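Inspection log for the structure reproduced underneath, given as structure tokens.
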Amino acid sequence: CPPPTNRDDFLRIVHPEDVARVRREADAAPRGGVDHRYRIMRCDGTQRWLHTRTFAVRNRAGEIYRIGGIAQDVTEEMRKDLELRQFRAAVDASAVLVTLIDPARMRYVDINDAACQALGYSRDELLTMGPVDVFSMPGSDLAKSYERLLFGDRAAASVEGIYRRKDGSTFPVEAVRRVVPSATG
């Protein structure tokens, strides 16, 4: 496609569902300062996501004489973000209690809605806690079992115990555990 030479040309390539928002955001910042994401339609019919930032360009007297901008193709980032949101929605919709634990710190890294509901805590509360706060196994024993699990001991993959809810009531649980590598190991 020939590159757009003016605002109207540019708005013709913006996805029809995003045109009004892009126009509104640009109109609200006539001196630059726009920072938004939107879709464009390429000549071949493919859709791409752009992240655009605009800024004022000033002359030596400090007067704005042009609006500059930078646009970056973030299609892959948006695709990954959608996949993560869909996965998160599926995990939260699960009736199975799912927790991610950092064994080095003995803290929850993440926890799904079913676990929050079963334990009676909010996600924010549980993210300040760890399994030692709600599971019947002593912390030192838990740490040893995580270490065994990390070193490939299949017998450490399953553990039975009692979960303690926020209100003090309890329920039995069999935890099936897996090692999930993170960016930090």
*asked:* For the range 1-22, which positions are under 24 Å from residue 79 (Cα atoms) and either assigned to a helix (DSSP H, G or I) or small (Gly, Ala, Ser) (or both)?
replied: 10, 11, 12, 13, 19, 20, 21, 22
_Cβ-Cβ distance below 6 Å, separation of 6 or more or different chains: which pairs start in the range 81-95 with a residue that is more than 12 Å from residue 111 (Cα to Cα) and end on one that is modelled with pLDDT of 90 or more?_
95/114
*Kindly indicate which of 96, 132, 74 is at pLDDT below 95, among the aliphatic types (A, V, I, L, M) and either loosely packed, with under 12 Cβ neighbours inside 10 Å or over 20 Å from residue 173 (Cα atoms) (or both).*
96
*residue 42 is checked against (1) surrounded by 12 or more Cβ atoms within 10 Å (Cβ to Cβ); (2) touching a residue at least 40 places away in the same chain (Cβ under 8 Å); (3) of a type in the set (Lys, Arg) and fails just one. What number does that condition carry?*
(1)
*asked:* I'm checking my understanding of the structure. Among residues of the range 77-93 that are of a type in the set (A, V, I, L, M) and more than 30 Å from residue 151 (Cβ to Cβ), which one is surrounded by the most Cβ atoms within 10 Å (Cβ to Cβ)?
replied: 78
*For the range 108-142, which residues satisfy the criterion of being more than 19 Å from the chain's Cα centre (by Cα) and outside any helix (DSSP H, G or I)?*
120, 121, 129, 130, 134, 135, 136, 137, 138
_When residues of the range 62-71 are limited to those that are in contact with a strand residue (DSSP E or B) (Cβ under 9 Å, 6 or more places away or on another chain) and either of a type in the set (Val, Ile, Thr) or open to solvent by 60 Å² or more (accessible area, probe 1.4 Å) (or both), the one nearest to residue 118 (Cα to Cα)_ = 71
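The values are calculated or read from the model by the stated rules, or taken from the named source; none is laboratory data. Note that the coordinates shown come from a computational prediction; the quantities given were computed from them, not determined experimentally. Quick reminder, even Gly has a Cβ in these numbers, built from the backbone with ideal geometry, and neighbours come from all protein chains shown. We work out accessible area using only protein heavy atoms, side chains counted, and drop any ligands, DNA or RNA first. Shrake-Rupley method; radii C 1.70, N 1.55, O 1.52, S 1.80 Å.
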